[in-house]
Every structure is written in C-alpha cells, then in structure tokens.
Protein chains: 2
Amino acid sequence: MKLKLTFFFSLALILNVSAQQSDEAVIRQIFDEALARGQSYPVLEHLTTRIGARLSGSPGAAAAVEYTRQVMEEFGFDSVWLQPVMVPHWERGRGEHGRIVHSRKMGTEPIQIASLGGSVGTGSQGLLAHVVEVKSFDELKALGEQGVKGKFVFFNRPMDPTKIQVFSAYGGAVDQRGSGASEAAKYGAVGVIVRSMGVNLEDYPHTGSMRYAPDVPKIPAVAIATRHAELLSKLIKGDEKIQVYIETYARTLPDAPSFNVVGEIRGTTNKNEYIVVGGHLDSWDLGQGAHDDGTGCVQSIEVLRIFKALGIRPNRSIRAVMFMNEENGLRGGLKYAELAKINKEKHLAAIESDRGGFTPRGFTIGKTKESIKKSIQAWKPLLEPYGLTDFSQEGGGADIGPLQDQGVTLLGFLPDSQRYFNYHHTPEDTFDKVDKRELELGAASMAAMVYLIDKYGLK
Amino acid sequence: MKLKLTFFFSLALILNVSAQQSDEAVIRQIFDEALARGQSYPVLEHLTTRIGARLSGSPGAAAAVEYTRQVMEEFGFDSVWLQPVMVPHWERGRGEHGRIVHSRKMGTEPIQIASLGGSVGTGSQGLLAHVVEVKSFDELKALGEQGVKGKFVFFNRPMDPTKIQVFSAYGGAVDQRGSGASEAAKYGAVGVIVRSMGVNLEDYPHTGSMRYAPDVPKIPAVAIATRHAELLSKLIKGDEKIQVYIETYARTLPDAPSFNVVGEIRGTTNKNEYIVVGGHLDSWDLGQGAHDDGTGCVQSIEVLRIFKALGIRPNRSIRAVMFMNEENGLRGGLKYAELAKINKEKHLAAIESDRGGFTPRGFTIGKTKESIKKSIQAWKPLLEPYGLTDFSQEGGGADIGPLQDQGVTLLGFLPDSQRYFNYHHTPEDTFDKVDKRELELGAASMAAMVYLIDKYGLK
C-alpha cells in the first residue's frame, strides 16, 4: 500500500512537471515564431501606410475591413467573415484652422487646433470670441453665465505628469474633452478650446471624442496643441482682451454601414466555446492609427497565425476580432456582444490590445471570480521570462466590455505605455513610431495567454 | 511587564512603519521632481543636438566636457572638477563608401558601410576583392588560407532575434566585430565586412570597436547595413565572382588629452564615503550619442540635481561621473578607479546607466556579497510602484567595472532595451529617439536607488 501510494505520487509529480515543461516549450516556440518569422509588422505597415486613417464611415475604414479580411483569408484561418454594423459618420472636413487675435497690436498668431470628434463646425464664417480659462468644471460653475456668456471657455487642466500610469493621468483630464462643450454651453459659452490630452509640450493637437448633452446648445469644440495652450494661457494673463478665431468644418452625416471583421480557428474538444483576441480597426483621422489601434488588430491576427504556424490545435475556438467604431460609438463592440448572445455563443474569455504596441509588461484582468484571477496570476512564472510581470491591475477593454454581462472573463494586454500619449489621436500616430520587436513581443504575449486559457480553462 | 512589552512592541511597530512611510514619501517626491520639474531632457537636447557626436579626442568630446562641467556648476553642486586622462584618438575620415561590383553584367551597386572603430583605412586607392561569407570563426578556420587568401571575409551571423534580452543577442554576435579582422588576417584575408550589430533589417551601418591582435597584419574592417548584408549574401550565392569595393579613410592618431567630468554633493555624516552614478560622455561619431550614452550622463547629473532640489542632504558624498572613452579604450573608467585608489577614497557603490534612456525595469547587481544583494532586493516593494521589478540579473557597467577590485558594489540601471539596437552606434542614435518621460523615470529610479543605498548602507 505504501509503495503504491509512493508510486502514485511520483507519477503525479512526473506528469505535473512534464505538463509544466511542455507549457514552457510551447510558449518558447510562440515567441520564437513571433520574433523570427512574425507577420504582424508587414501587415501593420500596409494597414497604416497604404490605408492609413480609418475613422468609422470613411473610405479608409472600408479599405481596412477588406484588407484585414483578405489577410486572414490568406493566412488560412478556418473561417473569416464580416459582421454588419451601422456606425456614426462624423467628418472633420477640410481647412480647419485657428489663431490668436491680439487686441493692442495688430496681427494674429496661428495655433494648432483640431475639432473634437462629434463636434459641430463653425463653417466658413468662423467664430471669433474672447477667452476665459478654467481648470475645472467647478471653476466654470463659479464663473457662471456672467463670466462665460459669449466667450470661448478654454479648459486648460494638464494631464498630471507625475502619475506613473499615464492612463490615470489621461483619466484625470479627459472629462474636459468629453463634456466640456456642454458644460460650458449651459452658461452661454459660444465654443470651447480644450488643452490636448498630451503629457508633453507639443506642436500638434490631439483629437478624440466629445458628447453633447441633450437640451444644451451644440457649440464648436476644438483641441489645442499643449504648447499653444501654454501660450494662450500666458497671453490671456497679460491681456484679457485677447480673442481667438477658429474656423472648422466638422459635421455629422447619417449613420453609415460598416463591419466587424472576424477570423476563427475552430477548436477540437470544445469548439462551441470561444476565446476572443481583438483590437479596434477604426482610428482617428489625423494620423495612421498605428498604436491606436493598428497594433492591437495585427497582434490579434498574429495570435491565430502563430497557432496555425506551430500546429497548435486549440480545444476552444479562437477568434481574432477587428472591432469597428471604438473611437466614437463602440457600435462594433456592442454588435459583437449582441450577436454572441443571439447565437448563444459561450465565450470563455476575451483579450483586448488597445494600449499601444509597446514592450509587454503584463495583463489587466477585468472583474471576475477571485479563483479565476488567481489561476491567471498563477501562470506568472511561465510568462515572467518574457518580461510579463504585472498581473495586478484591473481592466479589460472598451470593445470587449459589452461581453461582461455574459459572464465572459475580460483581459487587457498591458504594454509599457509611457510614450503612448505622444501619439494618441494625433498626426504623429504613424507606422514609424512602432518598434518591430516590441510589436512582436506583444503578439506573442497574447498568444501565450490564449494558449494557457485554452489549455486550462478558467474556473 | 506584559504591558511594558506590548508598549515596546507597539512603539517598534510605529517607528518601523513611519520609517517605511518616509522612504515612500521621499521616493514619491523624487519621481515628482523628475517628472514635473526635471532638467534631464533639455540638458540632453543641448548635448545631442548642439554638440552631437563626441568620440574620444574629437572637438565634440571637448565641448561635451566643458558643457557638462558648466551644467553641474550652474546646478550648484558642491564641487565640480575634471580628471585629466589621455585617450585613444581614432578618426573615420571623410568620404568612406562601398559598392558591390557585379562580374557578369556591367555596373555596381552602392552598399552602406562604416569603418569599425580602430580599423585602418584603405586610403584613396580603395580595396577591391572577392568575398567569402562565413557565420563563425569555425567556418573561417575550415576554409583556411586556400579559401580566404586575397579575399574579403564577410562575417554574416545575425543577432538572434528570438533572444528576449537583446544584450544577449548582441553578445552572441559581437565577436565578429571585435576580433573578425585579425582572425581573418591570419588566413590572408585582405579585409573584413561585418554584418552590423542590429536585430532588424536596416539601411544604415552600426559602427563599434574592433581590436587588432599583435603579429597579424592590420586589414581594413567595415560594418555593412543588415539589409545590404542580406543582399550581398544573396548575390554571392548566385555569383561567386562578385566583388566588393570599399574606400575608407580611417586612421589612428597619437593619444589625445581629455577628461572625466565629476560633480559632487558632499555628505554629512560619512562624507569620505562615496556613491557614484555615471554614464559615458564619449559617443560614436555617426549619430548624436543620444541613447549611447547621453541619456546616462544627463540622468546621472539629474540624480544630484534632484537631491539638491528636494533638500536631501545625503550621509555619504554623491558623485555624478561623466566617464570619457568607454567606446574605444575605457581609459576614463580606468583613470577614475586609479585615482580613487591613490586618493584612498572609499566607494560604497557605483551605478552606471548605459543601456539607453528607456522605461525603467530594474537594476542589475554586480558580483557582491549575498547579504548585500539581498538587502538591495529587499527594497523592491518601495520601487515596484514605479515599474522597477527586475533585480535578478547580474551586471554593473563597463566604466565602473575597474572599481570592482576595490570592493565597491556595482549596479547597472536596467531599462527596457528592446529598441536599443535600432540606434546603438548608428546615425539613428539621435535626440528625437529619446522619450522625455522614459528618460525622466530613469533618472528618478537612479536617484531613488542612491537614496536608499545612502540611507541604509550596504552590508
């Protein structure tokens, strides 16, 4: 009896160790494939430099849908299809510009502005008004109608550079962009100028979405380059009579037809269970949508390509999803979750990559059972050799968020994002800002996580 | 008695917690200072864009010595001085170029080459020869004189892209650059062409140091851009008669006078004990010496500036050292250690930053007592909130290496170096490749480590 027990334990130990070694070997192969024979970089090059900007409803977005569909077909995934979805269709229009108009001396001085997504335009007659600077909605409220009416409200609270997590600095400032226009319009402002969501002093503006509250006049809203925000602030302090002139041509058109693009490798033992990896295919119109979020899309495609290249047959079905319209509506994410529900597709997990294509640091984990969180964190020793050490932060991703209701475990790919807000929503978000190795390491990290979730499940 | 003991324990607990909080608070202030009021970035901008390349013995190196001396004076450090040191003086000369000469069809094809540091030049008569490709010294040996004599040896073993630590990929290839010329000359080669130490396909060459063995003819040695290495390799396979022509003007001049630049904040309780932070001031001549190693220099200066700005009076004396001649001689590092010995200066620790100005990941620790390693690693909880999680790798830095003999604990600042070898020793190592936040986070990380070492000592 004693012997038997010893034998049993030894066997268990051997099996366990060998399973462990096998995971290590597979993950090593995943990284080798991504780094030595990876395809994410050339696919990103095409998506960003040949197609470029791809705001929802634009010809660029349509091209990106067709391009990624073709890429996934060429990679030989088991199925590739489109999910139709109607998306908001906002256009910047051509020729927007702005300038500071001095009162005492003649002359004006150009400033770099960009209409915020969703904003109305001024049209060719432009908008000229005095400027009142505030740092918060409380300051705005204190000024009241008397201080604000007929003026531009200039929201100039910077992102806090001392926050180590830049997304937290972003979170601490982005209310000005999202709600500034309607908050200011309540007090009779004629327009808003919002300091760009950039942590450094820059000469280019950051666009991004804004929303009008119901029952409040829709006034034009523009971002201003951080360096010009500093200039404007300084000039106002010296001369209250300074005015700003903006001319913008933004407009909202009727909703347009578009698509999510889905590629799938079918599972073996549990093919009716799904694991999703995804990014969003749409991007703001100013740059090429490289880090936001071309990288997330090509990494997701690369996960499936790696599985195929290595001959890994997953238990569950694995999908790469290019979500449409994350930037100004989230219609793609909502549509995907809606269809999953209608089709009774059981999703085990979804991983989103939408924090830039930088060196991997770990994964965020969305609200889920403590046991699931623990089991994901228990894989850390397998992932640490690849620089993946941070599994402590909470979060998933915007596009996969609507799946939360269906009990899906959400994860976010967590790269080092220190330089993300140099590029985010700007003309600088271009292919040359993406490092090939960093991009590939991210794709491999996501593939390794999918491999582990698929193999062990989440309980 | 029982009560007293409880009281004693409670007090100990309170004191301990409060000491802990105080470290946390100080480290938080260090990061705030670096991120909100940091000076490392503008100093780097001047060093790289106004002064630029600064190879030992060059006017640029002299300008950098004087500039960093002035900067440290202006920051009001307690003492700033120069340590004279004679340095090797090698010059690339103007007009080096190379091309592939086809045998069957007329015409030639330009390739991007760069003389390796220390190499002789061909002079204006140039050098035209057939090419034999090898991947290793073993292959070279197998070819022998018969296969090599009168030819270029083309060392074409790439850096292994699947190594997660790029420095280990570098270590696996750099023997070709350092010793290739003399190994090939033993068998009668007339010159060597070495695949650049870059992990990606690039259009620009990486220079770097090489050494001639004694009693072997000194033959010209050039690096070739990785993309052109691939091209050359392909063309040779199709046509063995292909030749390469290079024309290079490199030469070694007599040793030149130069300096290490040292800034110091004097300690209070242990002012005759020293902690060094340093980088190397010299750089290769092709770029601006931004990541290699302008960033290490300005971060080291910033450490002392932060101490002063926050009013931290260290127990030990803290020095920022700009070492001269790391790239092709290490004379500055040797001189610093020699003077420390002569002057009987007890150095507690030295930290070098020479892996690029990227996002911090941790510190390497050189060979030292296990107890010292453990006590450094015990500070991890204080540093983890700033992304510093890796204290497991061994290493210090080239310039501080000569201090090892004096029992000094050596540390290396460890950033995320995934994109380092895109820039290293190339025309691409320019200011615009450095991210302000990443640079500042590194400076703060080093300051935090110096603060802890100074406060607690190393036992």
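Any read-out appearing in this document is the output of simple, stated calculations on the displayed coordinates, not a laboratory observation. Owing to the predicted nature of the structure, the values given are computational and were not obtained by experimental measurement. Quick reminder, even Gly has a Cβ in these numbers, built from the backbone with ideal geometry, and neighbours come from all protein chains shown.
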### Message
Going 7 Å from Cα along the Cα-Cβ axis for the label, what nanometre distances separate residue A:46 from the same residue across the other copies?
### Response
5.0
### Summary
Exposure proxy check on A:347, B:206, A:291: fewest-to-most Cβ neighbours within 10 Å is A:347, B:206, A:291
### Message
Could you order the peptides B:379-392, A:390-403 from most to least packed, using the average number of other C-beta atoms within 10 Å per residue?
### Response
A:390-403, B:379-392
### Task
Find every distance from the label point of residue A:84 to the corresponding label point in the other copies (7 Å from Cα along Cα→Cβ) and write them in nm, one decimal, shortest first.
8.5
### Summary
Once both label points are put 7 Å beyond Cα along the C-beta direction, the residue B:239-residue A:124 separation in nm becomes 6.0 nm
### Query
Roughly how tilted is helix B:226-238, in degrees to the nearest 10 and between 0 and 90, from the longest Cα axis of chain B?
30 degrees
### Task
Taking each label point as 7 Å beyond Cα in the direction of the beta carbon, state the distances from residue B:272 to the same residue in the other copies, shortest first, in nm.
8.3
### Task
Among DSSP beta bridges whose residues both lie in chain A, state the antiparallel percentage, nearest 5.
55 percent
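Per residue, how big is the convex hull around the C-alpha atoms of region A:381-459? Give it to me in cubic angstrom, could you?
Value for region A:381-459: 126 Å³ per residue.
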### Message
Rg and Dmax in Å for chain B, alpha carbons only: what are they?
### Response
24.5, 101
### Message
Given a Förster distance of 35 Å, report the FRET efficiency between residue A:367 and residue A:201 from their Cβ-Cβ distance, rounded to the nearest 0.05.
### Response
0.40
### Message
How large is the translational diffusion coefficient of region B:95-249 in µm² per second when you combine the Kirkwood radius over alpha carbon pairs with Stokes-Einstein at 4 °C and 1.567 mPa s?
### Response
85 µm²/s
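Of all trypsin sites (Lys or Arg not before Pro) in region A:357-391, which ones are in loop regions per DSSP and have a Cβ with at most 15 other Cβ atoms within 10 Å?
Those satisfying the criteria are A:367, A:369.
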### Message
Would region B:371-427 count as rounded, prolate or oblate if I go by the C-alpha gyration tensor, calling it rounded below 1.5 in a/c and otherwise prolate when a/b exceeds b/c, oblate otherwise?
### Response
oblate
### Task
Over the whole of A:383-390, what's the average partner chain Cβ count within 10 Å per residue? Rounded to a whole number, please.
3
#### Entry: For region A:335-348, Karplus couplings with θ = phi - 60° (6.51, -1.76, 1.60), whole Hz, Gly/Pro x
5, 4, 5, 4, 5, 4, 5, 4, 7, 6, 8, 7, 9, 7
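Have a look at the DSSP beta bridges in the protein assembly as shown and tell me what percent are antiparallel, nearest 5. Before the final figure, lay out the partial values.
Details: 76 of 142 bridges.
Taking every DSSP beta bridge with both residues in the protein assembly as shown, the antiparallel ones total about 55 percent.
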### Task
Once you have the Cα-Cα distance between residue A:81 and residue A:339, take 0.36 nm times their residue separation minus that, and quote the gain in nm to one decimal.
91.6 nm
### Query
In chain A, what residue has the beta-carbon at the shortest distance from the axis of the rotation relating A to B, and what is that distance in angstrom, rounded to the whole number?
A:389, 2
### Query
Once the piece of chain linking residue A:216 and residue A:404 is laid out straight, how much longer is it, given 0.36 nm per residue of separation minus the C-alpha distance between them?
64.4 nm
#### Entry: Mean residue ellipticity (222 nm) of chain B, computed from DSSP H runs ≥ 4 via -39,500 (n - 2.57), nearest 500
-11000 deg cm²/dmol
### Query
By its C-alpha gyration tensor, with a ≥ b ≥ c as the square roots of the eigenvalues, how is region B:241-292 shaped: rounded for a/c under 1.5, else prolate for a/b larger than b/c, else oblate?
prolate
### Task
Of the listed pairs B:135/B:163; A:346/A:373; A:346/A:367; A:163/A:374; B:163/B:335, which have alpha-carbon separations greater than 25 Å here?
A:163/A:374; B:163/B:335
### Query
Semi-axes of region A:107-198's equivalent ellipsoid from the Cα gyration tensor, sqrt of 5 times each eigenvalue, largest first, rounded to whole Å?
23, 17, 12
### Query
Tell me, in nm to one decimal, what length is gained between residue B:253 and residue B:308 on full extension, where the rule is 0.36 nm per residue of separation less the Cα-Cα distance?
15.6 nm
### Summary
Listed by chain and number, the aspartates and glutamates with an alpha carbon less than 14 angstrom from that of residue B:237, same-chain partners under 8 positions apart left out, are B:133
### Task
Apply the Debye scattering formula to the protein assembly as shown, with a single equal point scatterer on each alpha-carbon and no solvent, then give log10 I(q)/I(0) at q = 0.05 Å⁻¹.
-0.34
### Query
Hey, which of these cross-link pairs are over 27 Å Cα-Cα: A:341/A:369; A:271/A:341; A:341/A:436?
A:341/A:436
### Task
Return the percentage of antiparallel bridges among DSSP beta bridges fully within region A:93-249, rounded to the nearest 5 %.
55 percent
